[in-house]
Number of protein chains: 2
Amino acid sequence: MSEHRPSASISPEFALLGFLAQRPAHGYDLHQRLVTELGEIWHIRLSQTYNILNRLETQGMITSRLQKQDKLPDRHIFELTPAGLKRFEDWLHTPTPCSVRAIRVEFTTRLYFARAGDPRLARELIAEQTRTVEQGIARIETALGRCSPDQAFNRLGLQLRIAQLRIILDWLKQCEVTLGLVEV
Amino acid sequence: MSEHRPSASISPEFALLGFLAQRPAHGYDLHQRLVTELGEIWHIRLSQTYNILNRLETQGMITSRLQKQDKLPDRHIFELTPAGLKRFEDWLHTPTPCSVRAIRVEFTTRLYFARAGDPRLARELIAEQTRTVEQGIARIETALGRCSPDQAFNRLGLQLRIAQLRIILDWLKQCEVTLGLVEV
DNA sequence: AGTATATAGTCACTCGGTGAGTATATCCGA
DNA sequence: TCGGATATACTCACCGAGTGACTATATACT
């Protein structure tokens, strides 16, 4: 079975699980909500949504039943299984690894569901993520120090990552304010 | 044949083509060069390198011949075909789409090969990429303007992207200086 | 004598992501 | 009123990214 979760993969599957944790829904509806609520963060096609739902079903994270409609096509109504709920809640409490893209996409999604459920959790996540990013910056700075001056492109790459992570620290503060999680 | 190049895909295949444009080489060596020259930019496994080489060969971008070694295992020596060289050179002159990760990874790689071949091209690429990023920022700012205030997470996502793209503008200037492409 | 590391790969697999195709219903303008 | 766009609700086949497990041999170190 080998548990193929490198934990680096960022996938909208948790957004789908999160929407299903709120209430059962069919694929088209889930896709709609993903687009309207987090459409500037995730850019996925309808067929990709169905791909993920199919996988989640074969993995036993969700179940489906068919709902007949007299005029429009039938729908598959999906529902979380206990395993699926656990998977979502575990994810909800796991900090995002210190990657620029992962934070923009996955962390923002996590924050979305955290705030919807419990604003205190959202504040904790931001604090925790801030620490993760600070450590990440320190680690990359070390790598930069070890990187010989003739490695110009490796150095440029590292410098860009550091600058982008610093921006993320500012942005995390901005999140707290924008979402009304702190008294200013 | 359908030409499946969404042009958004960022892949180390062009780095491999670029190294092969310099001289024929075998897979292990290509992987070594990728790691030492651009290892902070691309993080790929040896097996991934071979995957790409196999694909490039079936696509007719490279050819291989077997080189016997008496002690160590045999090697496949890869060489660019004219089609492969064209593909690489087309890529070398194509600006990277305005995505943070694509610029950090793909543009940096392009710059690496551009400078190795012709520093003037490197300077042009930076100028062109700067314009692309400026346009991208403007586009995202428009999207942000159209994004209603209750779309807090979509707005946060857009704001982060804008901030990161601004950093990239600074970084592009830094590239010019670091690589000695302008008289300061 | 045993262990780690470098050389040089192969293979099977999962997952991300796209495009094309299949239906039906409804709305809007010419 | 008729045709085209758009919304609903998917299915399917495919390509490509990326990983881990595996197979060998040579050399260096401990």
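The values are calculated or read from the model by the stated rules, or taken from the named source; none is laboratory data. Computed from a predicted structure; not experimentally measured. Glycine also receives a Cβ, built like all others from the backbone with ideal geometry; neighbour counts cover every protein chain displayed. Ligands, DNA and RNA are excluded from the accessible area calculation, which covers all protein heavy atoms including side chains. Shrake-Rupley method; radii C 1.70, N 1.55, O 1.52, S 1.80 Å.
By how many degrees, between 0 and 90 and to the nearest 10, does the Cα long axis of helix A:119-146 differ from the longest principal axis of chain A? Roughly 40 degrees, rounded to the nearest 10. Shape index of the protein assembly as shown: Rg/Rh, with Rg the Cα radius of gyration and Rh the Kirkwood radius from the inverse mean 1/r over Cα pairs, equals 1.00.
In nanometers and ordered shortest first, the copy-to-copy spacing of the residue B:146 label point, defined 7 Å from Cα toward Cβ, is 4.7.
Just the accessible area for residue A:35, please: 1.4 Å probe, Å², rounded to the nearest 10? Surface accessible to solvent at residue A:35 totals approximately 80 Å².
Ligands, DNA and RNA excluded, the heavy atoms of residue A:115 present near 80 Å² of accessible surface to a 1.4 Å solvent probe.
Here chain B has an Rg and Dmax of 19.3, 70 Å, counting Cα atoms alone. Ranking A:16, A:81, A:66 by Cα position along the charge dipole of the range A:1-92, where only Lys, Arg, Asp and Glu carry charges on their C-beta atoms, puts A:66 farthest toward the positive end.
Interface burial in the range B:150-170 reaches 40 Å² or more for B:153, B:154, B:156, B:160, B:161, B:164, B:167, comparing the full protein assembly with the chain by itself; accessible area from heavy atoms with a 1.4 Å probe. For chain B, the mean residue ellipticity at 222 nm estimated from helices alone is -20000 deg cm²/dmol, where every DSSP H run of n ≥ 4 contributes -39500 (n - 2.57) and the total is divided by all residues, rounded to the nearest 500. Taking a Cβ cut-off of under 15 Å around residue B:144, the surrounding Lys, Arg, Asp and Glu residues balance to a net charge of +3, with basic ones at +1 and acidic ones at -1. In the assembly of identical copies, residue A:127 has its label point, taken 7 Å from Cα in the direction of the beta carbon, separated from the corresponding points by 5.2 nm (ascending, one decimal). For residue A:23, the accessible surface of its heavy atoms amounts to roughly 120 Å² (probe 1.4 Å, protein chains only, rounded to the nearest 10).
Taken per residue, the accessible surface of the protein assembly as shown reaches 53 Å², heavy atoms only and a 1.4 Å probe. Along its three principal directions, the equivalent ellipsoid of the range B:97-184 from the Cα gyration tensor extends over semi-axes of 30, 11, 10 Å, largest first. Across identical copies of the chain, residue B:55 has label-point separations of 1.6 nm, listed in ascending order, with the point defined 7 angstrom from Cα along Cα→Cβ.
Can you give the accessible area buried between chains B and A, summed over both chains, with a 1.4 Å probe, in Å² to the nearest 100? Heavy-atom accessible area buried at this interface is about 3000 Å².
Residues whose amide H comes within less than 5 Å of that of residue A:26, counting only those at least five positions distant or on another chain, are A:78 (H built at 1.01 Å from N in the peptide plane).
Please give me the summed charge of the neighbours of residue A:34: other residues whose Cβ is under 15 Å from its Cβ, Lys and Arg +1, Asp and Glu -1. Local charge sum for residue A:34: -1.
Note down the net charge around residue A:105, summing +1 for each Lys or Arg and -1 for each Asp or Glu among other residues with Cβ under 11 Å from its Cβ. Net of charged neighbours comes to +3.
Put B:161, A:65 in order of accessible area, highest first, and with a 1.4 Å probe you get A:65, B:161.
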